[in-house]
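Colleague: Sharing a structure below in structure tokens format, with a few things to ask.
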Amino acid sequence: MIFDTHAHYDDGQFDEDREDVLLTMQAGGVGTIVDASATVNSWERVLELTQKYPFVYGMIGVHPDEVGDLNEDNFARMEQLLQKEKIVAVGEIGLDYYWDKESRDLQEAWFVSQLELARKWNLPVNIHSREAAADTMQIMKEHARGIPAIIHCYSYSKEMAEEYVRMGYLIGVGGVVTFKNAKRLKEIVKEIPLSHIVLETDCPYLAPEPNRGKRNSSLNLPYVAQAIAELKGITAEEVIRVTEENAKRFYRIE
Ligand code: NI
């Protein structure tokens, strides 16, 4: 079944119908979802989702745009939450020089601190990186050795994707691969082995064609699997089967 490695069902855009949406997942072929924290305020909601739905797991972390809210007290709470049964990764964490909402020094400092927590608790990480290719690569090399990582919503060069693959990391592929103008990502997906690709939505954002611009959900992932299948000349079923195996191994589920 489909494994969504990065979703935000805790987002306010699901407040009206979260339960209805999540209860349609299994009939829609979606077997497992990992919900990603973006803000300190989202942590308890993510935990609650993992406790309510057997097929939902969570990651705890703070997105680079939101690290200004981190402090010693809530960082201690973060460490406690990472020890909860269905919290399977630290994320989403990284650098965002597109929005540049927090200073780059602060982003980097909290990125490194969160990587150190992942190492301490032996958890994989889910990486957000936008317009910060070189600095992200450098921090991963200096501070993330031996920590399994998914590079979420990958948006950089083919050469860097190949380097990440050599480092053992997985590349998160979502709705963008269905966009007409995503030539570079399509080329990357064609080239890198399926063993290093996982499916993700980043929902409610980044819905694939033909639903681009609408609220996204994991039910759109068949479009992403189909796009990957066409690029690789295999079936969508094989894409779904292999990416599920990759994700389960990565998050150590089952
Ligand atoms: Ni996200």
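The values are calculated or read from the model by the stated rules, or taken from the named source; none is laboratory data. All values derive from a computational prediction rather than experimental measurement. Methodologically, a virtual Cβ is constructed for each residue, glycine included, from the backbone with ideal geometry; neighbour enumeration extends over all protein chains shown. SASA here: full protein model, heavy atoms, side chains in, ligands and nucleic acids out. Shrake-Rupley method; radii C 1.70, N 1.55, O 1.52, S 1.80 Å.
Colleague: Which number comes out as Rg/Rh for the chain once both Rg and the Kirkwood Rh are worked out on C-alpha atoms?
Modeller: On the way: Rg = 16.8 Å, Rh = 18.0 Å.
Taking Rg over the Kirkwood Rh, I get 0.93.
Colleague: Compute the length gained on full extension between Glu48 and Lys120: take 0.36 nm times their separation in residues and subtract their Cα-Cα distance, giving the result in nm to one decimal.
Modeller: Details: separation 72, 0.36 × 72 = 25.92 nm, distance 2.40 nm.
Full extension of this stretch gives 23.5 nm more.
Colleague: Given a 1.4 Å probe and every protein chain left where it sits, what share in percent of the accessible area of region 1-65 is carbon and sulfur? Can you show the working numbers first?
Modeller: Values: 1140 of 2390 Å².
Accessible surface attributable to carbon and sulfur in region 1-65 totals 48 percent.
Colleague: How many angstrom lie between the Cα centre of region 149-193 and the Cα centre of region 209-254?
Modeller: If you average the Cα positions of each part, the centres end up 14 Å apart.
Colleague: Using 0.36 nm times the number of residues separating Arg166 and Asp105, minus their current alpha carbon distance, what extension gain do you get?
Modeller: Values: separation 61, 0.36 × 61 = 21.96 nm, distance 2.80 nm.
Once the chain is fully extended between Arg166 and Asp105, it gains 19.2 nm.
Colleague: Using a Förster radius of 25 Å, what is the FRET efficiency between Tyr97 and Thr235 based on their Cβ-Cβ separation? Nearest 0.05, please. Intermediate values should be presented prior to the final figure.
Modeller: On the way: r = 38 Å, r/R0 = 1.53.
That gives a FRET efficiency of 0.05.
Colleague: What is the diffusion coefficient of region 14-84 in µm²/s, taking the Kirkwood radius over Cα pairs and the Stokes-Einstein relation at 4 °C with a viscosity of 1.567 mPa s? Intermediate results must be reported in sequence, preceding the final value.
Modeller: Details: Rh = 13.2 Å.
The diffusion coefficient I find is 98 µm²/s.
Colleague: What are the ³J(HN,Hα) couplings of region 189-202, residue after residue, when phi is run through the Karplus curve with 6.51, -1.76, 1.60 and θ = phi - 60°? Round to Hz, x for glycine and proline.
Modeller: Values, residue by residue: 4, 4, 7, 7, x, 4, 5, 10, 10, 10, 8, 7, 9, 6 Hz.
Colleague: Another question, if that's okay. Pulled fully out, how much extra length does the chain show between Lys158 and Phe55, if you take 0.36 nm times their separation in residues and subtract their Cα-Cα distance? Working shown, then result.
Modeller: On the way: separation 103, 0.36 × 103 = 37.08 nm, distance 3.33 nm.
Full extension from Lys158 to Phe55 adds 33.8 nm.
Colleague: Kindly rank 138-144, 70-76, 173-179, 84-90 from highest to lowest mean number of other beta carbons found within 10 Å of each residue. Could you put the intermediate results ahead of the total?
Modeller: Working: 138-144: 16.3, 70-76: 11.7, 173-179: 23.3, 84-90: 19.9.
Ranked by mean Cβ neighbours within 10 Å, highest first: 173-179, 84-90, 138-144, 70-76.
Colleague: Express in whole angstrom the spacing between the alpha-carbon centres of region 127-145 and region 65-120.
Modeller: The two parts, judged by their Cα centres, are 14 Å apart.
Colleague: To make sure I understand the rule: partners must be aspartates and glutamates, Cα under 14 Å from the Cα of Lys158, and not fewer than 8 residues away in the same chain. Which ones qualify?
Modeller: Glu187, Glu191
Colleague: Say the cut-off is 24 Å between C-alpha atoms; which of Lys86/Lys190; Lys52/Lys84; Lys86/Lys214; Lys120/Lys248 go over it?
Modeller: Going by Cα-Cα distance, Lys86/Lys190; Lys86/Lys214 fall outside the 24 Å limit.
Colleague: I need the peptides 195-208, 213-226 ranked by packing, meaning the mean over residues of other C-beta atoms within 10 angstrom, with the highest value on top.
Modeller: Values: 195-208: 22.5, 213-226: 20.3.
Result, highest mean Cβ count within 10 Å first: 195-208, 213-226.
Colleague: While we're on this one: Using a 1.4 angstrom probe, figure out how much accessible area the chain has per residue, in square angstrom, rounded to the nearest whole.
Modeller: Working: 11220 Å² over 254 residues.
Per residue, the chain has an accessible area of 44 Å².
Colleague: Among Ile150, Ile234, Ile192, which one shows the biggest mean-square fluctuation in a GNM of the chain, springs joining Cα atoms closer than 10 Å?
Modeller: Looking only at Ile150, Ile234, Ile192, the biggest GNM fluctuation is shown by Ile234.
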